[in-house]
Amino acid sequence: MAPKERSHTERFEKILDFLGDHIRSAPGDELIEAAREEGRDPGEENTRLKDLLLKRLKLHQQRTLTEAREAYERELASISRGDFNLPDTPVERRALFIATLAQASQLQSAFTMQHRDLSEFSDEDIVANLKKFHQLGLLPKSRNRDSK
Amino acid sequence: MALEPVKTNPKASPGSPKPAPATPADIRQAIEVLTPEDTERIRQTAQNRIYQIGAPAANGRDADDLIEEAFERVLGETRHWYKERVGFTQYLVGVIWSIASEWAGYRERNKNLPEFAGLESQLTKTDNEGKQVSPFDGLATKDLNPEQALAQAEANAERERHSEAFIKIIRAEFADDVAASLVIDGMLDDLDAAEIRATLELSEKEFKATMRRIQRHVKKLMEQANGTKGA
């Protein structure tokens, strides 16, 4: 069977692909020579292209940072919206706090090391920490089920 | 140093530790040490790919836009550079080829793309679920309606006419340059560089000089056709 005849577009693309492959694998000095023949300064191009890429990298990092900050703020907003019901009284909240710590023993040492005595925790501290525990799914199961 | 084409996302061989994608700090360092040879390879590749896909697929975008789009993909989550496996320049050049093919494919499938759209990555939005949505999503059509099919046929016919004219001009330019004419024949016969050199018994220096003449002429031709000067 005779091979399918190529279109002019395919033939032209073939030439450009060959030239592209040549650029990909040619020795560096050949590329430098080509740039100079075109009246370009490879040193200037080097500075320009590196600046362009570094600027893009910086923009990307700033964008990533902004996205992370926004996600953190969304998280905080979700916590402060009080997406779960705290016990009504300070005594009940303290009891829940201590029960949670007793259950999550890995947290206990960290809290007692920082504060020596859990009794030093104000109700405000306890509320803030209970909200964090809730976010982390550390509250006792029955309490998590109470949440919205 | 010459570069050999490699797969841009190599898989680890069994038993070897899983390679880690490069961090932004690695990428920064790689950019800072790029040599003029490296940046020329990146730039000339991007320019070649813009010529290859043609003006409609390039859609007003130039070599710098292609480089930036490729670099954005390297920074994003869709492509990873494994620095232990492949050099940065080699990797970026591979991504440039791939993105250019993608642009050509988009144009082929979507004749209604917005004209002179910016970089895809710049136009990408995040939907309500935090998922990235390309502005080109949903534009692809499997079945063209008669109007679209006609538009596609016209566009293909126009590209075919341009390509025919380009080849005629190239042939005419090298009518008296036997070596260049034969090298072009070799390209069209699917020979690689080594085979062409061997068949034509060209020294490395002769082949290099011939390739430069062809490169120069094709570049001039494409700039005239696009009414632009390469960036």
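Only the coordinates and a few stated rules stand behind these numbers; no lab work does. What you see is a predicted model, and the numbers here were worked out from it, not measured in a lab. Please note: Cβ atoms are built from the backbone with ideal geometry, for glycine as well, and neighbour counts cover all protein chains shown.
Between the stretch B:172-198 and the stretch A:1-47, how far is it from one alpha carbon centroid to the other, in angstrom?
Measuring centre to centre over Cα atoms gives 14 Å.
So which GluC sites (Glu not before Pro) in the stretch B:171-218 are both in a DSSP loop and have at most 16 other Cβ atoms within 10 Å of their Cβ?
Numbers: sites: B:Glu173, B:Glu195, B:Glu201, B:Glu204, B:Glu206; in loops: B:Glu201.
Qualifying residues, ordered by number: B:Glu201.
What ranking do A:Val127, B:Val74 get, fewest neighbouring Cβ atoms within 10 angstrom at the top?
A:Val127, B:Val74
Can you pull the mean other chain C-beta count within 10 Å for peptide A:45-56?
Values: counts 7, 8, 2, 4, 11, 6, 1, 6, 15, 4, 1, 9.
Mean number of neighbouring Cβ atoms from other chains: 6.
Once phi is turned into ³J(HN,Hα) by the Karplus curve 6.51 cos²θ - 1.76 cosθ + 1.60 with θ = phi - 60°, what whole-Hz value does each residue of the stretch B:168-182 show in order, with x for glycine and proline?
Karplus values, whole Hz, x for Gly and Pro: 4, 5, 4, 4, 5, 4, 9, 4, 9, 10, 4, 4, 5, 4, 6.
Can you order the peptides B:21-28, A:46-53 by their average number of other Cβ atoms within 10 Å per residue, highest first?
Details: B:21-28: 14.8, A:46-53: 17.0.
For the peptides B:21-28, A:46-53, the packing ranking is A:46-53, B:21-28.
Consider just the alpha-carbon atoms of the stretch A:9-78 and return their Rg together with their Dmax, both in angstrom.
Over the stretch A:9-78's Cα set, Rg and Dmax evaluate to 21.2, 62 Å.
Per residue of A:57-70, count partner chain C-beta atoms within 10 Å of its C-beta, then hand back the mean as an integer. Present the calculation step by step, with values, prior to reporting the outcome.
On the way: counts 9, 2, 3, 8, 3, 0, 1, 3, 0, 0, 2, 0, 0, 0.
Per-residue shielding by partner chains comes out at 2.
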